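Structure, as structure tokens:
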Amino acid sequence: MDHRFSWILMAVATLCASCSNSNGGQQGKALAYRDLKGYFQEELNTISTDRPTFQKTIVMNGQRDSITIATPDSAQLQHLLAPFLDIDLNKPSLRGAYDTILLADQFSGTHSLMYKARNAATVPQEVIMDIDNQQHITNVQMNKHVKNLVYEYQQNLVYQHNKHIRVVTWQKIAFLPARELDVKVFFAHP
């Protein structure tokens with residue numbers, strides 16, 4: 001009986017050791033791409049704290065509407081940044097999916113970092129970031145495109161730190177007219 005107990009104890013110890021190694025290895029690995037999901041989560045927290053006034057303009061199929069939101073609540077902020085928060089380039093399925101291009105400005109110390117998908121089926125297909133000389137992201141642009149026999153979808157996302165957001169979405173379903181939605185949000189800080 002003691003012999004079986006020692007085998008069970010050994011198996012449990014091995015299982016625990018392997019679980020802790022796999023989690024520790026995951027956390028210790030360097031990210032393959034810039035952490036956009038974390039960046040936009042920080043931006044959401046900052047905007048929630050600062051509470052700027054928003055000037056929101058929506059153009060849907062040529063019809064325009066504008067609204068001013070004096071004190072946006074957390075649900076509005078979450079909805080506003082949702083297309084950006086959904087992007088996680090460091091998912092295991094996207095490892096090695098992008099070519100990285102770095103364009104540096106030697107005089108100012110700023111640079112642009114571009115991730116371009118190697119495969120047309122990878123979403124987003126392109127991410128462009130402007131980074132200042134202190135390594136802070138100042139501007140993010142993303143392009144998504146999905147196309148099959150019955151459906152085509154394009155989305156262009158632009159986020160400029162502390163200034164504005166723009167999301168342009170175009171979709172076409174077979175046998176139906178194309179639809180376009182252009183949402184612009186400008187931040188007004190007190």
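Take the convex hull of the alpha carbons in region 106-190; its mean projected area over all directions comes to 7.7 nm². Sites listed here are trypsin sites (Lys or Arg not before Pro) in region 118-164 whose DSSP assignment is loop and whose Cβ has at most 14 other Cβ atoms within 10 Å: Arg118, Lys163. Ligands, DNA and RNA left out, the 1.4 Å accessible surface of region 110-190 is 56% carbon and sulfur atoms. The gain in end-to-end length when the His79 to Ala188 segment is fully stretched comes to 37.4 nm, 0.36 nm per residue minus the alpha carbon separation. For a straight C-alpha distance cut-off of 17 angstrom, the aspartates and glutamates reachable from Lys91 (same-chain residues fewer than eight places away being disregarded) are Asp35, Asp99, Glu126. Close Lys pairs in region 112-183, defined as Cα atoms under 22 Å apart and 8 or more places apart or on different chains, number 4.
The values are calculated or read from the model by the stated rules, or taken from the named source; none is laboratory data. The shown structure was predicted, so the numbers you read here are calculated from the model rather than taken from an experiment. Every residue, glycine among them, receives a Cβ derived from its backbone with ideal geometry; neighbour counts consider all protein chains shown. The protein model used for the area step is the full one, side chains on, heavy atoms only, and it has no ligands, DNA or RNA in it. Shrake-Rupley method; radii C 1.70, N 1.55, O 1.52, S 1.80 Å.
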